[in-house]
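**Q** Input: one structure, supplied below.
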Amino acid sequence: MKIKMTSIPVPNPSAAFKHYTEVLGFQELLFDPEAQLAIVVSPHDPQGTSLMLEPNSNPISKNYQTALYDQRIPIMTFSTENLKEEYVRLINLDVKFLKEPTQEDWGQEAIFDDNHGNYIQLIQEDS
């Protein structure tokens, strides 16, 4: 068994889709703005796990998202082969970081704001 799709709550799937593709660098898997359906994949693994940008219109989803954000807890983790390079690329695209790249026992991590109500942990694991 493996994970095929996961989701992240966002207030506006169309706006999030634009940000996740044009700024963060994900690729479109499926986009239907009228249905509020936006699904992206990694360009490095287009057949891998997909990410649905799901409307947070459900109060349970919105409350969960808001509580994590208010406590500065990342809702999801993305990985990269070169954290410092990705950090510079995102900074140059005006992505705001809560935590700059930091060395941990297992690798490096940074935390950024996705501009849609979520903090995302970005990691590079040591080989």
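**Q** If you count, for each residue, the other Cβ atoms within 10 Å and average over each peptide, how do 15-21, 98-104 line up from highest to lowest?
**A** Put in order of decreasing packing, that is 15-21, 98-104.
**Q** Keeping to pairs on different chains or 8 or more places apart, tell me how many lysine pairs in the chain have Cα atoms under 23 Å apart.
**A** Lysine pairs meeting both conditions in the chain amount to 6.
**Q** Along each principal axis of its Cα atoms, how long is the chain end to end? Whole angstroms, biggest number first, please.
**A** So the three principal-axis extents are 42, 35, 33 Å.
**Q** Now for a separate question. For Asn56, enumerate residues with amide H under 5 Å from its amide H, sequence gap 5+ or separate chain, H modeled in the peptide plane.
**A** Val10
**Q** Provide the gained length on full extension for the span Glu104 to Ile75, in nm with one decimal, where the gain is 0.36 nm per separating residue minus the Cα-Cα distance.
**A** Working: separation 29, 0.36 × 29 = 10.44 nm, distance 1.92 nm.
Residue separation times 0.36 nm, minus the Cα-Cα distance, leaves 8.5 nm.
**Q** How large is the translational diffusion coefficient of the range 10-85 in µm² per second when you combine the Kirkwood radius over alpha carbon pairs with Stokes-Einstein at 37 °C and 0.692 mPa s?
**A** 243 µm²/s
Laboratory data are not the source of any read-out in this text; all were calculated from the coordinates shown. Keep in mind that what you see is a predicted model, and the values were worked out from it rather than measured. So basically every Cβ, Gly included, is an ideal-geometry build from the backbone, and we count neighbours across all protein chains shown.
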